[in-house]
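Working notes for the structure below.
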Amino acid sequence: ELAIRTYIDRIYSGISKNKQFLLGLLSCFFGSLRFLLVGTFSHLGRNLISLFLSQQIVFFPQRIVMSLYGIASLFISSYLWCTIFWNVGSDYDQFDREDGIVEEGIVCIFRWDFPGKNRRIFLRFLMKYIQSIRIEIKKGIYARRVLYMEIRGQGAVPLTRT
């Protein structure tokens, strides 16, 4: 007879599913592109698009600063696009117990990280090794709530971050 298993899955969508983040990312990319184009075309003395008004910008310091801001913002937006493409931040937690016996269950924690040696983080252990579950709450301007699972021999593993 097959064992009846109960699954409690929590699937996180990661960064790439947040529509407001994508909107902000697109505005960051196009804003940085606009800064870079205005700085470049003011140096050439031409208007690329009539909305940019690049002929009215003085060379020093405005044109240089706008070009540097454009380049820096392009680096930031490319970093954000890479986190979406690599699906950084997506993960799942799976709690599997057999026949209602909690001590015999298995816990699987999976995380995606940046490309490299430790891109895939996969933890698997028995439920009897779970010491505690704790919540850390920080109030103030940068409020933060994190749910941790304390594992014997592993330390604290964050389950959620808000």
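General remarks:
- Just one residue in the set 130, 109, 101, 121 is farther than 24 Å from residue 83 by Cα and modelled with pLDDT of 85 or more; that residue is 130.
The rows are residues; the columns are (1) of a type in the set (Gly, Ala, Ser); (2) modelled with pLDDT of 80 or more; (3) in a helix (DSSP H, G or I).
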position: 42; (1), (2), (3): yes, no, yes
position: 46; (1), (2), (3): no, no, no
position: 49; (1), (2), (3): no, no, no
position: 63; (1), (2), (3): no, yes, yes
position: 70; (1), (2), (3): yes, yes, yes
position: 77; (1), (2), (3): yes, yes, yes
position: 81; (1), (2), (3): no, yes, yes
position: 95; (1), (2), (3): no, no, no
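- Checked against (1) more than 30 Å from residue 108 (Cβ to Cβ); (2) surrounded by 11 or more Cβ atoms within 10 Å (Cβ to Cβ); (3) at pLDDT below 80; (4) among the β-branched types (Val, Ile, Thr), residue 58 passes all but condition (2).
The values are calculated or read from the model by the stated rules, or taken from the named source; none is laboratory data. Because the structure is predicted, anything quoted here is derived from the model rather than measured. Note that each Cβ is placed from the backbone with ideal geometry, even for glycine, and that neighbours are counted across all protein chains shown.
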